[in-house]
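Quick notes on the structure that follows.
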Amino acid sequence: MAPSLATAALFLAALLVVSFSPAAAARSSSKHAIPTASSSDGKPAAAATTHDIPAVFAFGDSTLDPGNNNRLLTLVRADHAPYGRAFPAGVAPSGRFSDGKLITDYIVAALGIKDLLPAYHDHGLTHANATTGVSFASGGSGLDDLTAHGVLVSTFESQINDFQQLLSRIGEPQASDIAGKSLFILSAGTNDVTMNYYMMPFRALNYPTIDGYHDYLISKFQSYIQVRSLIRSILNSVIFFP
């Protein structure tokens, strides 16, 4: 792959990637539209939930991690000051790598699903809250499992395994409906380059040029995107996954 194309593709992998299911994409765009309006006092009115998206699930790195790393023995944590300063006084930092909400929090609020997208490993997570979406993302993670191993956080593969386990607990027919209609958000790639390739020697030995490593990351990214179709096709078997 030409260097410019590889870089462009990797950049897309590092950005927020929104993937609708084929079933959801087949519906008319008007059904997914979220009209906006202003109330009489000039403030934005609540978004009309005319879509058919029951849940939002996020995978990736600190961009989308609302606190999954809080349980881990890692330095990559945000459950302390100065994080969370934009939340009301007295609210402890949640583990979000931000002074307030993450982009996924704004998305679920705009869809009218809930105010915040919680961490899958939040001890206070309820079954009802999990069925409308969670984030499996782990700060410091990447498309390359070695990136996560280097800072003792969850790999992309383990995040997908967590999703499979969640579907197993939800059970049919609800799990099938959720898997077919939900919005999936992925964000990864930056840590692989900055924290892995340029700071640890292993991948540089495997891939002497950054372009070669870009190609490797792109192939990993494509495989993770395809896993979602695999999950849906074997959903009846997912129930038995450990």
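The values are calculated or read from the model by the stated rules, or taken from the named source; none is laboratory data. Only a predicted model underlies this, so the values are computations on that prediction, with no experimental measurement involved. Quick reminder, even Gly has a Cβ in these numbers, built from the backbone with ideal geometry, and neighbours come from all protein chains shown.
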Residue selected from the range 214-242 under the condition part of a helix (DSSP H, G or I) and in contact with an Asp or Glu (Cβ under 8 Å, 6 or more places away or on another chain), by the criterion modelled with the lowest pLDDT: Asn236
Sole exception among (1) surrounded by 14 or more Cβ atoms within 10 Å (Cβ to Cβ); (2) at pLDDT below 90 for Leu166, by number: (2)
Phe136 vs. criteria touching a helix residue (DSSP H, G or I) at 6+ places or on another chain (Cβ under 7 Å) and at pLDDT 95 or above: yes
Subset of the range 102-122 (residues that are in contact (Cβ under 8 Å) with a residue 40 or more places away in the chain and surrounded by fewer than 16 Cβ atoms within 10 Å (Cβ to Cβ)): Ile103, Ala110, Gly112
Filter pass, Phe202 being crowded, with 18+ Cβ neighbours inside 10 Å and among the aromatic types (Phe, Trp, Tyr): no
Count of residues meeting criterion [without any contact (Cβ under 8 Å) to a residue 60 or more places away in the chain and surrounded by fewer than 10 Cβ atoms within 10 Å (Cβ to Cβ)] in the range 72-101: 5
All positions within the range 130-159 that are farther than 18 Å from Ile218 by Cβ, among the aliphatic types (A, V, I, L, M) and part of a loop (DSSP other than H, G, I, E, B): Ala137, Leu152, Val153
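Rundown of residues vs (1) surrounded by 15 or more Cβ atoms within 10 Å (Cβ to Cβ); (2) closer than 17 Å to Ala58 by Cα; (3) touching a residue at least 60 places away in the same chain (Cβ under 8 Å), yes/no style:
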site	(1), (2), (3)
Ile170	yes, no, no
Pro173	no, no, no
Ala188	yes, yes, yes
Tyr197	yes, no, no
Phe221	yes, yes, yes
Residues that are of a type in the set (A, V, I, L, M) and within 22 Å of Val153 (Cβ to Cβ), drawn from the range 78-101: Ala78, Ala81, Ala92
